[in-house]
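For reference, the structure discussed in these notes is given below.
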Amino acid sequence: MSQYLNPHFNIKLDFPDSWSFRYWGNRKNVLSHPERHQTAFDDLPSELSSEKELLSARSSIRRSSLSGTMLCVVSLYRPNGFSLLEYRAKFETDLKREFRTQSITGVEIQSLLLEEQAEEYIVYSQLYCWEHSEKIWLHCGIRSDALEGFKEAREIIGQLNKIKNL
């Protein structure tokens, strides 16, 4: 098992051995757009670079041949707020779309569950977002073309304090 820790955002995620993840501390390749990725735990998005990828992860178990199972966490600079409904518009390929908000310890958390038709597969997605601090939002997403992979990714992202209480 491997672990991702980000003390600035209070994120701690344990990944099963079948998962690999990338963040600024373990990247070996040169990024084509380094300004889009967090380069230190306190490297926050700003007006100059409004999004910073904190973490991207993928399961090595290929349950299907379309896209597999993925997880990502991104920090956003949004001085005027953020809405998952505006971020992810409705598509005609959507089979299911459930949006909800919930307040946990005074923080409003948005959640959007999606099921989409993609060729002969159904792709399952869950998006979450909340304001971490003034103008800084956290956006977390999971996606899988297999229900088992989606459930596994939900367990991983469910370790986050804001999400585990949903």
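The values are calculated or read from the model by the stated rules, or taken from the named source; none is laboratory data. Bear in mind that the values here come from a model prediction, so they are computed numbers and not experimental data. Neighbour counts are summed over all protein chains in view; Cβ atoms, including those assigned to glycine, are modelled from backbone coordinates with ideal geometry. Calculation scope for accessible area: heavy atoms of the full protein, side chains included, ligands and nucleic acids excluded. Shrake-Rupley method; radii C 1.70, N 1.55, O 1.52, S 1.80 Å.
Can you tell me which of 22, 62 is free of Cβ contacts under 8 Å to residues at least 24 places away in the same chain and not aliphatic (A, V, I, L, M)?
62
Among the residues of region 25-37, how many are open to solvent by less than 90 Å² (accessible area, probe 1.4 Å) and either at pLDDT 90 or above or under 17 Å from the mean Cα position of the chain (by Cα) (or both)?
Here is the first cut: in region 25-37, the residues open to solvent by less than 90 Å² (accessible area, probe 1.4 Å) are 25-27, 29, 31, 33-35, 37.
With the extra rule that they be either at pLDDT 90 or above or under 17 Å from the mean Cα position of the chain (by Cα) (or both), the set shrinks to 37.
Of the residues in that region, 1 qualify.
Being in contact (Cβ under 8 Å) with a residue 40 or more places away in the chain, out of contact with any strand residue (DSSP E or B) (no Cβ under 8 Å at 6 or more places or on another chain), not hydroxyl-bearing (Ser, Thr, Tyr) and not in a strand (DSSP E or B) narrows it down to one residue among 148, 92, 155; which is it? Talk me through it step by step, then tell me what you get.
Working: 92 fails: in contact (Cβ under 8 Å) with a residue 40 or more places away in the chain; 155 fails: in contact (Cβ under 8 Å) with a residue 40 or more places away in the chain.
That would be 148, the only listed residue that is in contact (Cβ under 8 Å) with a residue 40 or more places away in the chain, out of contact with any strand residue (DSSP E or B) (no Cβ under 8 Å at 6 or more places or on another chain), not hydroxyl-bearing (Ser, Thr, Tyr) and not in a strand (DSSP E or B).
Among what's in region 111-134 and is of a type in the set (D, E, K, R) and touching a Ser or Thr at 6+ places or on another chain (Cβ under 9 Å), pick the residue that is nearest to residue 97 (Cα to Cα). Working first, answer last.
So in region 111-134, the residues of a type in the set (D, E, K, R) come out as 115-116, 119-120, 131, 134.
Now drop any that are not touching a Ser or Thr at 6+ places or on another chain (Cβ under 9 Å), which leaves 115-116.
Numbers: 115: 7, 116: 9 Å.
That would be 115.
Mind listing whichever residues of region 60-78 are at pLDDT 95 or above and assigned to a loop (DSSP other than H, G, I, E, B)?
Correct list: 78 only.
So, in region 129-145, of the ones that are assigned to a strand (DSSP E or B) and open to solvent by 40 Å² or more (accessible area, probe 1.4 Å), which residue ends up nearest to residue 15 (Cα to Cα)? Don't jump to the end; show me each part of the working.
Within region 129-145, the subset assigned to a strand (DSSP E or B) is 129-133, 136-144.
Of the ones still in play, those that are also open to solvent by 40 Å² or more (accessible area, probe 1.4 Å) are 131-133, 143.
On the way: 131: 25, 132: 23, 133: 26, 143: 16 Å.
The qualifying residue nearest to residue 15 (Cα to Cα) is 143.
Starting from region 97-111, take each residue that is farther than 15 Å from residue 141 by Cβ and list its partners that are of a type in the set (D, E, K, R), counting only C-beta distances under 7 angstrom and pairs at least six apart or across chains.
Here the result reads 101/108; 104/162; 107/131; 107/162, each pair linking region 97-111 to a residue that is of a type in the set (D, E, K, R).
Failed condition for residue 40, given (1) among the aliphatic types (A, V, I, L, M); (2) under 22 Å from residue 78 (Cα atoms); (3) touching a residue at least 60 places away in the same chain (Cβ under 8 Å); (4) open to solvent by less than 50 Å² (accessible area, probe 1.4 Å), with all others met?
Result: residue 40 passes all but (3).
Just for region 87-123: of the residues that are small (Gly, Ala, Ser) and under 23 Å from residue 152 (Cβ atoms), which one is modelled with the highest pLDDT?
In this case the residue turns out to be 111.
For residue 15, which of the numbered conditions (1) open to solvent by 30 Å² or more (accessible area, probe 1.4 Å); (2) within 17 Å of residue 160 (Cα to Cα); (3) out of contact with any Leu (no Cβ under 8 Å at 6 or more places or on another chain); (4) of a type in the set (A, V, I, L, M, F, W, C) fails to hold?
(1)
I'd like the residue in region 1-59 that is of a type in the set (Ser, Thr, Tyr) and in a loop (DSSP other than H, G, I, E, B) and, out of all such residues, is farthest from residue 145 (Cα to Cα).
Checked region 1-59; the qualifying residue farthest from residue 145 (Cα to Cα) is 46.
Which one of the conditions (1) at positive phi; (2) in contact with a strand residue (DSSP E or B) (Cβ under 7 Å, 6 or more places away or on another chain); (3) open to solvent by 50 Å² or more (accessible area, probe 1.4 Å) does residue 68 fail to meet, given that it meets all the rest?
Condition not satisfied by residue 68: (3).
Which condition breaks for residue 126 when tested against (1) assigned to a strand (DSSP E or B); (2) at pLDDT below 90?
The single condition residue 126 does not satisfy is (2).
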